[in-house]
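K.L.:
One structure is given below, represented as structure tokens, and several questions about it will come after.
The values are calculated or read from the model by the stated rules, or taken from the named source; none is laboratory data. Since we're looking at a predicted model, the values are computed, not measured. Cβ placement follows ideal geometry from the backbone for every residue including glycine, while neighbour counts extend to all protein chains displayed.
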Amino acid sequence: MTGGPANGHGQASAVVPYRRGWRAPWRGQWGGFDDGHTRLSFLARRIEGELREAYNATTPLAERQVRLAARYQALAEATLSSIGRDPKATRRAATALQAAADRQLAALEVLGAKRNGHGRPTLPELAPRKADHA
């Protein structure tokens, strides 16, 4: 028996992922969406929660739009933070990802998922705001 602790069958056992003593291979990187433990997937879930609070997405299609918008926004943030280190991370790529997220949110409003308590402001509501900033 060589190589480390045995698992009872005389073979060395590997360290179990996400347990004490295991180091994520993507440490310091954003990772992907396929593993729920990456920096990117944590950010996407946080943004998704924020969007669910902001929008009334009740149908499965609307929930999917929220999830996609959250992923696009997370990718846009990851791209922005990688500018200067990654040659593929450009302002143009970040803008395109944010535009894709905005299209998903616009599709939500078309589906009828209104912003919770934040409908589109009317002109009389905008007039006092504009006067405050002048």
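K.L.:
When segment 36-59 is examined, which residues are found to be of a type in the set (A, V, I, L, M, F, W, C) and without any contact (Cβ under 8 Å) to a residue 40 or more places away in the chain?
P.N.:
First, pick out the residues of segment 36-59 that are of a type in the set (A, V, I, L, M, F, W, C): 40, 42-44, 47, 51, 54, 57.
The answer is L40, F42, L43, A44, I47.
K.L.:
For segment 41-96, what are the residues that are part of a helix (DSSP H, G or I) and among the β-branched types (V, I, T)?
P.N.:
If the condition is that a residue be part of a helix (DSSP H, G or I) and among the β-branched types (V, I, T), then I47, V66, T79, T95 are the ones that fit.
K.L.:
hydroxyl-bearing (S, T, Y) and under 24 Å from A93 (Cα atoms), is that true of Y72? Full working, then the answer.
P.N.:
Values: hydroxyl-bearing (S, T, Y): yes; under 24 Å from A93 (Cα atoms): yes.
So Y72 passes the test.
K.L.:
Please determine, by comparing only the residues of segment 1-53 that are β-branched (V, I, T) and modelled with pLDDT of 75 or more, which one is surrounded by the most Cβ atoms within 10 Å (Cβ to Cβ). Talk me through it step by step, then tell me what you get.
P.N.:
Within segment 1-53, the first condition is being β-branched (V, I, T), and the residues that meet it are 2, 15-16, 38, 47.
Checking the rest, the ones that are also modelled with pLDDT of 75 or more come to 38, 47.
Values: T38: 17, I47: 21.
Ranking the candidates gives I47 first.
Every residue, every condition in (1) in contact with a Leu (Cβ under 9 Å, 6 or more places away or on another chain); (2) within 17 Å of Q29 (Cβ to Cβ); (3) at pLDDT 95 or above, yes or no:
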| site | (1), (2), (3) |
| --- | --- |
| L61 | yes, no, no |
| R64 | no, no, no |
| A70 | yes, no, yes |
| R92 | no, no, yes |
